[in-house]
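Everything on this sheet refers to the single structure shown next.
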Amino acid sequence: MKVIQKKDYEEISRTAAERILAMVQEKPSCVLGLATGSTPIRTYEFLAMACQQRRITFEKTCSINLDEYVGLGEADPQSYRFFMETHLFRHIDIKRENTHLPDGLAADLEAECRRYDSLYAQLSGVDLQLLGIGQNGHIGFNEPGAVLDANTHVALLSENTRAANSRNFSSLSEVPHRAITLGMGGILKARHILLLASGEQKKEAVQKALYGKVDPAVPASFLQLHPDVTVLCDFALT
Ligand code: F6R
């Protein structure tokens, strides 16, 4: 894995946006794998600015997100579809039908997971996957455990993750217990992976992911098996 240390969150975000813009420039019909959470927000602002200044068009671009909370629909401000619309999609010219997230309201969650896997296959691969990382080493909602799922699945969120994400809800009890997430196999199929990590609180997870054993207890450590991962962080790794 290649590690690039930047000065701060702003520089991580600017560099991530430049990489994404270069990909879209080179291959306008590329497939972007997108993440939610606090980390990519500024990257998305840079992408929106580039599109508004007509430096780029996303007209032919597709996106597929990593995950969605079970039980939250797109009208819910805490849903990841709402997040993506608010922070990116409504500010760029990507076509709604080319943007994909799991349906957190699906009546049959297993069928929704299979639909997402076949959609992923139909898109013929993600060109660039953007990732954040949980303090517990999760990527997507692939939580630490004894085993990891390769395919899209319904994940039980750890208490650590629910507590971290409760900042976006009015109380911890409102944070869903489950989410649909792309599995580790799906994430590792992307051609290029860009992992963003900002703040000392992420340092231990990144350190273990990069230099520890490949271990389901640290899901991000599986990125060591991928041939093209770049980590952008704003702290020194030892
Ligand atoms: C979000 C996702 C998560 C986040 C991770 C870090 O789609 O899949 O793995 O990337 O929880 O979240 P932040 O960026 O809020 O620290």
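Here, each number is a calculation from the coordinates, and none is a lab measurement. Note that the structure is predicted; figures quoted are calculated from it, not measured. Glycine gets a Cβ as well: all are built from the backbone with ideal geometry, and neighbour counts include every protein chain shown.
Checking each residue in region 227-238 for being within 16 Å of the chain's Cα centre (by Cα), aliphatic (A, V, I, L, M) and either surrounded by fewer than 21 Cβ atoms within 10 Å (Cβ to Cβ) or closer than 23 Å to S158 by Cβ (or both) picks out only V231.
Report yes if some residue within region 19-42 is under 16 Å from T181 (Cα atoms), within 16 Å of the ligand (Cβ to nearest atom), among the polar types (S, T, N, Q) and free of Cβ contacts under 8 Å to residues at least 40 places away in the same chain; otherwise report no. Looking for residues that are under 16 Å from T181 (Cα atoms), within 16 Å of the ligand (Cβ to nearest atom), among the polar types (S, T, N, Q) and free of Cβ contacts under 8 Å to residues at least 40 places away in the same chain, one finds none in region 19-42, hence no.
With respect to the conditions (1) within 12 Å of the ligand (Cβ to nearest atom); (2) buried (at least 20 other Cβ atoms within 10 Å of the Cβ); (3) under 23 Å from I41 (Cα atoms), D127 falls short on a single one, namely (1). Residue count for region 210-226 satisfying the condition of being in a loop (DSSP other than H, G, I, E, B) and over 18 Å from the mean Cα position of the chain (by Cα): 5. Filtering region 86-104 to residues that are touching a strand residue (DSSP E or B) at 6+ places or on another chain (Cβ under 9 Å) and surrounded by 14 or more Cβ atoms within 10 Å (Cβ to Cβ) leaves L88, F89, I94, N98, T99, H100, L101, P102, D103, G104. Residues in region 65-102 that are within 14 Å of the ligand (Cβ to nearest atom), basic (K, R) and out of contact with any Asp or Glu (no Cβ under 9 Å at 6 or more places or on another chain): there are none. Would you check which residues across region 157-194 are surrounded by 14 or more Cβ atoms within 10 Å (Cβ to Cβ), within 13 Å of the ligand (Cβ to nearest atom) and assigned to a helix (DSSP H, G or I) and list them? Result: N160, T161, R162, A164, N165, S166, N168, M184, G186, I187. For region 227-238, a tally of residues being touching a residue at least 40 places away in the same chain (Cβ under 8 Å), part of a loop (DSSP other than H, G, I, E, B) and either among the hydrophobic types (A, V, I, L, M, F, W, C) or more than 16 Å from Q135 (Cα to Cα) (or both) returns 3. Scanning region 196-205 for residues that are among the aliphatic types (A, V, I, L, M) and near the ligand (Cβ under 9 Å from one of its atoms) returns L196, A197.
The residue pairs whose first member lies in region 168-180 and is closer than 12 Å to V154 by Cα, whose second member is polar (S, T, N, Q), and whose beta carbons are closer than 8 Å, counting only pairs six or more residues apart or on different chains, are I180/T152.
Evaluated against (1) of a type in the set (V, I, T); (2) within 14 Å of the ligand (Cβ to nearest atom); (3) surrounded by fewer than 20 Cβ atoms within 10 Å (Cβ to Cβ), V154 falls short on exactly one condition, (2).
Considering only residues that are of a type in the set (D, E, K, R) and in contact with a Ser or Thr (Cβ under 8 Å, 6 or more places away or on another chain), which ones fall in region 113-141? R114, D117 - these are the residues of region 113-141 that are of a type in the set (D, E, K, R) and in contact with a Ser or Thr (Cβ under 8 Å, 6 or more places away or on another chain). Inspect region 36-49 for any residue being among the acidic types (D, E), in contact with a strand residue (DSSP E or B) (Cβ under 6 Å, 6 or more places away or on another chain) and closer than 30 Å to S170 by Cβ and give the result as yes or no. No, every residue in region 36-49 fails to be among the acidic types (D, E), in contact with a strand residue (DSSP E or B) (Cβ under 6 Å, 6 or more places away or on another chain) and closer than 30 Å to S170 by Cβ.
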